[in-house]
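All remarks here apply to the structure that follows.
The values are calculated or read from the model by the stated rules, or taken from the named source; none is laboratory data. Bear in mind the structure is a predicted one, so any value in this text is a computation, not a measurement. We place every Cβ from the backbone using ideal geometry, glycine too, and count neighbours over all the protein chains shown. These accessible areas exclude ligands, DNA and RNA; they are computed on the full protein's heavy atoms, side chains included. Shrake-Rupley method; radii C 1.70, N 1.55, O 1.52, S 1.80 Å.
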Amino acid sequence: MEQQLIIYNTLSRKKEPFKPINEGKAGMYVCGPTVYGDGHLGHARPAITFDILFRYLQHLGYKVRYVRNITDVGHLEHDADDGEDKIAKKARIDSLEPMEVVQYYLNRYHKAMERLNVLPPSIEPHASGHIIEQIEYIKKILDAGYAYISEGSVYFDVEKYSRKYHYGKLSGRNIDELLNTTRELDGQQEKRNSFDFALWKKASPEHIMRWPSPWSDGFPGWHLECSVMGTKYLGEEFDIHGGGMDLMFPHHECEIAQSVAAQGKETVHYWMHNNMVTINGQKMGKSLGNFITLDQFFTGTHPLLSQSFTPMTIRFFILQAHYRSTLDFSSEALVAAEKAYQRLCQGLENLSKITPSDKTTAEISGLRQRCYEAMNDDLSTPIVISHLFDAVKQINTTLSGTTTISAEDIKELKETFSIFMFNILGLTLENESTTTGNKAYEEALDLVLQLRQEAKGRKDWSTADLIRNRLTEIGFEIKDTKEGAEWKLVK
RNA sequence: GGUACCUUAGCCGAGUGGUUAGGCGCCGGUCUGCAAAACCGUCUACAGCAGUUCGAAUCUGCUAGGUACCUCCA
């Protein structure tokens, strides 16, 4: 069936049909993490959002190259008076090599992404590995006349650029208002205008992350790496650039300016921005210190968490909101997501228990098509999920004997779940290690439950309840089914 | 201060100019010795005011509240 994916382009502020530059191929670049701390829930949002896009483009048959960078140099920190960058600062505190810090947090980031079932990108370039390319890129901007050298640093000449091009087209700003609203920053006196941004920054003597360049020993500016690595791996023009909304200005605005200055044309055709995760209505972020790390979710070790949450609950929670909406976190909302996800999984499991009928009376027709329509409409994962829940209802109703489903339609349902729940939404069934383990331990539990069954047989309710209550206290969940008692370890 | 965006039932969250989003929770029911689990049913909202319209929660204006960006930030 013909599918036309529609995506929202921040540049036009409209939903647009996705038309790739090269037929059958798609190039996407997403701003990855700065690896100087553990990933938190906010980091999971773009990772999962663009994982969905990556998966869906592939599902639609595109050959996709997905580049997600690792920022391990260059982000200036305001509270460091000499422009020391974040990686170096953390390293000093911990008495570690900067690259040791990078590797440590990168490993942890990868681990968390894997648990969230976020596919690794095609290429994961490090900024520190592309210093030469960044220097070359700066030279191009200098040659084009849109940058100037000052005290060993190189700055982008925004004022000059804006005479010919629109600086602010992505974020909806104009230069006059920037003049009045840009705050005082370090190194201001070196710049012609306060809104000029650094392409290359001279390192102060104590700055340990530094590279030689024609201008000084120093490090590349804030926004350069994405322009450079994006074009290096995806070409001077490529299809999609994604990232968090908070990066729109100045980061992505500067990227546009850099690429236009360096190559005379824009690089990106579709800009996509995911919205923020909020906590008590406020953005969850490093600067506010109100973040909860992914590991804290997985282990339940944070005062705001009532319990631990599985990676799939986190993933499901994020997918229940559209990526362009803010998503407000609360422990209560996560518990709801956990229950909902269990219901979805249970529904799928119930599908296998249905005895096929000759014909289908349950309302399940068009499910697959509706799911495609939702995905094509700017990746409306909440709608896909709601359609899957509609199917769950029909499955459960059928299982209770009210309606029927034919063998053919059961197959169709299974395929649809497989495509959307697993392949596209990237959800996985939680592995049931809670019911397996040591053989002797399993048999002992079965024996205890058998004793309870016998107690029930002679209507010795006090003994039966004692066993059940004690097992529940210990942490087991006991289910009495028609086939006998089942147990599983809950926590 | 500038710019942009948001305000949906107890909670989280979709969507739309006229028809039930979905989930959680609550309540009721089925099942059960009683429970739990599971399943079924119910609960019907769109910040306020004015306007456009046959009809607006959906469009327009104003008001109130909130958020984001303007500084590193996903």
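To keep it simple, each residue is scored yes or no on (1) aliphatic (A, V, I, L, M); (2) at pLDDT below 90.
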position: A:HIS130; (1), (2): no, no
position: A:ILE135; (1), (2): yes, no
position: A:ASN180; (1), (2): no, yes
position: A:GLY187; (1), (2): no, yes
position: A:MET209; (1), (2): yes, yes
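Pairs meeting the criteria (first residue in region A:374-398 and closer than 22 Å to A:THR355 by Cβ, second residue of a type in the set (Asp, Glu) and open to solvent by 10 Å² or more (accessible area, probe 1.4 Å), beta carbons under 6 Å, at least 6 apart or on different chains) are A:GLN394/A:GLU363. Only one entry of A:SER287, A:SER259, A:SER308, A:SER325 meets the criterion of being more than 10 Å from RNA strand B (Cβ to nearest atom) and surrounded by fewer than 17 Cβ atoms within 10 Å (Cβ to Cβ), and that entry is A:SER308. Count of region A:440-491 residues, restricted to those that are within 11 Å of RNA strand B (Cβ to nearest atom), under 20 Å from A:GLU430 (Cβ atoms) and open to solvent by 80 Å² or more (accessible area, probe 1.4 Å), is 2.
Out of A:THR398, A:THR381, I need the residue that is among the hydroxyl-bearing types (Ser, Thr, Tyr), open to solvent by less than 40 Å² (accessible area, probe 1.4 Å) and farther than 19 Å from A:ILE419 by Cα. Which one?
Only one candidate passes the filter, namely A:THR398.
Remark: A:GLN258 matches the filter, which requires a residue to be touching a His at 6+ places or on another chain (Cβ under 8 Å) and touching a residue at least 12 places away in the same chain (Cβ under 8 Å). Note on region A:29-55: residues that are touching a helix residue (DSSP H, G or I) at 6+ places or on another chain (Cβ under 9 Å) and either of a type in the set (D, E, K, R) or more than 19 Å from A:TYR109 (Cβ to Cβ) (or both) total 4. Annotation note: Cβ proximity below 6 Å between a residue of region A:20-44 that is open to solvent by less than 30 Å² (accessible area, probe 1.4 Å) and a residue that is of a type in the set (Lys, Arg) (sequence gap 6+ or interchain) occurs for A:GLY27/A:ARG65; A:VAL30/A:ARG68; A:GLY32/A:ARG68. Per the conditions (1) open to solvent by 40 Å² or more (accessible area, probe 1.4 Å); (2) in contact (Cβ under 8 Å) with a residue 12 or more places away in the chain, the sole criterion not satisfied by A:LEU351 is (1).
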